[in-house]
Amino acid sequence: MKLEGGERYVPVIEAIVQASIPVVGHLGLTPQSLHQFGGYRVQGKDEKSAETLLSDAAALERAGCFAIVLEGIPWRLAKRVTEALKIPTIGIGAGPHCSGQILVIHDLLGIHEGPLPRFVKTYDEMGPRMRKAIEAYARDVREGAFPGMEHSYDTNGDGKDRAPDR
């Protein structure tokens, strides 16, 4: 389970971990709080907020998180957090010094609309091709062309799977 937030969530994390459910923490820019931050705004830019983030990371590790996602924070801070912890850090917009990296699949494959955060790299523009395929599928369903009998199963009452008779 991924849980966004710092030290104030330690009791919740401890209870979840005690219930044998693995927890990954999430610090920095947290998507569920995106609008509270005013959009995609880098977090931990000043020393006070950086120290809070470092403290939160340590608290999440002590609470039992097996990893922490660091999103939208300066790379130097991500490096400090990664070096301070025994558990892995997973960066998304946190520079190259985390233990691992993640991108949202829709961003990576170009299945998005509108502006993207600076940290996103799009590897393909699959959006237009996907829209075309989805439109064709919807048209076939509306027109009764899909599914056809060749996409159906039949046992003819004897329990053996075979293509149905038309």
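The values are calculated or read from the model by the stated rules, or taken from the named source; none is laboratory data. Note that the structure is a prediction, hence the values are computed from the model and not measured. Methodologically, a virtual Cβ is constructed for each residue, glycine included, from the backbone with ideal geometry; neighbour enumeration extends over all protein chains shown.
I need every pair where a residue in segment 127-148 that is without any contact (Cβ under 8 Å) to a residue 24 or more places away in the chain has its Cβ under 6 Å from the Cβ of a residue that is part of a helix (DSSP H, G or I) and among the acidic types (D, E), sequence separation at least 6 or different chains.
Every condition considered, the pairs that remain are F146/D140.
When segment 59-80 is examined, which residues are found to be within 22 Å of P117 (Cα to Cα) and more than 13 Å from the chain's Cα centre (by Cα)?
Let us first name the residues in segment 59-80 that are within 22 Å of P117 (Cα to Cα), namely 68-79.
Of everything in segment 59-80, those that are within 22 Å of P117 (Cα to Cα) and more than 13 Å from the chain's Cα centre (by Cα) turn out to be G72, I73, P74, W75, R76, L77, A78, K79.
Which numbered condition trips up G144, out of (1) more than 30 Å from P11 (Cα to Cα); (2) surrounded by 16 or more Cβ atoms within 10 Å (Cβ to Cβ); (3) of a type in the set (G, A, S)?
So G144 meets the others, but not (2).
Scanning for something modelled with pLDDT of 95 or more and touching a Pro at 6+ places or on another chain (Cβ under 6 Å), does segment 59-69 turn up at least one residue?
Looking through segment 59-69, at least one residue is modelled with pLDDT of 95 or more and touching a Pro at 6+ places or on another chain (Cβ under 6 Å).
Being loosely packed, with under 10 Cβ neighbours inside 10 Å, farther than 30 Å from A58 by Cα and modelled with pLDDT under 90 is the requirement here; does P164 meet it?
Here the answer is no, as P164 does not meet what is asked.
Name the one entry in I102, I90, I111 that is under 25 Å from V12 (Cβ atoms) and either free of Cβ contacts under 8 Å to residues at least 40 places away in the same chain or in contact with a His (Cβ under 8 Å, 6 or more places away or on another chain) (or both).
Every option except I102 fails the conditions.
Where residues in segment 19-32 are in contact (Cβ under 8 Å) with a residue 12 or more places away in the chain and of a type outside the set (V, I, T), which of them is nearest to A67 (Cα to Cα)?
Per the criteria, the residue is G25.
Run down V120, V81, V104 and say which single residue is modelled with pLDDT of 95 or more, on the phi < 0 side of the Ramachandran plot and of a type in the set (V, I, T).
V81
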